[in-house]
Amino acid sequence: MRRMTFPALTGGLALGIGALLSAQAPGAGDALPAETSTSPNSSQSSSESLDVATTAPDGVGAGPVEVSGRGHVLKDLGEPAGLTSTRGDDVIFQISIDAARVTATCPGRGVDVSPANGHFLVLEVTATLSEEAANAADPGQDVYMPLVAETFDIIGPGGAPQETTVTDASWACFEGDELLPPFLEPGTTVSGKVVLDAANDSGRVVYAPDGAAGWEWEFPG
């Protein structure tokens, strides 16, 4: 089974499927300064890619793309983030954090649970991987995107990443059928909860599998 990996997103949201599957994560030097818009020609991949750095493609938001100092594209809650095909007219992968709630309690799986770090951050997430993504795989290989809680990170109010965000307590908050499935296969759309154990009641949540460039959403207290 082959996992889709992210190339650098510092230049925009449109990336070739070949780049999605094989490109390496960007180094620290690739990150752009916080609160800046990228230039129209700032993104290139190993395969042909359509540059949409200053305007997001249809279906994945609108307006200029802003990138954090960590190299992640900034998104608002409820605003979809996505990757398009080389033509720019097909959204290959799309993810949105529809809501974020900070709480000190949760239902628990038949037991009382308390956050180890002080707060539970409950995310409502929707994600889609198009059937076209499967066409990029070699014969006999599968393509998927990981959605396990460990692929989401928390950045504290001061800008420092939180070291541990998934704990026994966060895992035990909700029954399995309420949680986001751990993997997303081509041709499917999934939704569900992701629960993180947060040290603060505000900050940013990051989706960036394998430590590559991804997206950030601010969550309030």
Checklist entry - What is the distance, in nm, between label points placed 7 Å from the Cα along the Cα-to-Cβ direction at Leu77 and at Glu150? => result 2.8 nm
Item to check | Stretch gain in nm, segment Glu66-Ser191, where the contour uses 0.36 nm per residue and the Cα spacing is subtracted | outcome: 42.4 nm
Item to check | Extension gain from Phe183 to Asp90, taking 0.36 nm per residue of separation minus the Cα-Cα distance | outcome: 31.4 nm
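How charged is the neighbourhood of Asp98? Take every other residue with its Cβ under 13 Å from the Cβ of Asp98, and add Lys/Arg as +1 and Asp/Glu as -1.
Net of charged neighbours comes to 0.
What FRET efficiency would be calculated for the residue pair Ala104, Ala160, taking the C-beta separation as r and a Förster radius of 22 Å, to the nearest 0.05?
The computed FRET efficiency comes out at 0.50.
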Next on the checklist: Could you work out the relative contact order of segment 113-201? I mean the mean sequence separation of Cα pairs under 8 Å and 6+ apart, divided by the number of residues, in percent.
Outcome noted: 52 percent
Checklist entry - Most exposed first by the Cβ proxy, i.e. fewest other Cβ within 10 Å, how do His119, His72 rank? => result His119, His72
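Could you tell me the calculated FRET efficiency between Glu218 and Ala134, based on Cβ-Cβ distance and R0 = 35 angstrom, to the nearest 0.05? Provide the component values of the computation, followed by the final result.
Details: r = 33 Å, r/R0 = 0.95.
For Glu218 and Ala134, the calculated efficiency is 0.55.
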Checklist entry - Among Ile92, Ile155, which comes first, then next, by fewest other beta-carbon atoms within 10 Å? => result Ile155, Ile92
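Read-outs throughout are calculated quantities, based only on the coordinates presented, and are distinct from any laboratory measurement. Given the structure is predicted, the values throughout are model-derived calculations rather than measurements. In this analysis, Cβ positions are derived from the backbone assuming ideal geometry, glycine residues included, and neighbour counts consider all displayed protein chains.
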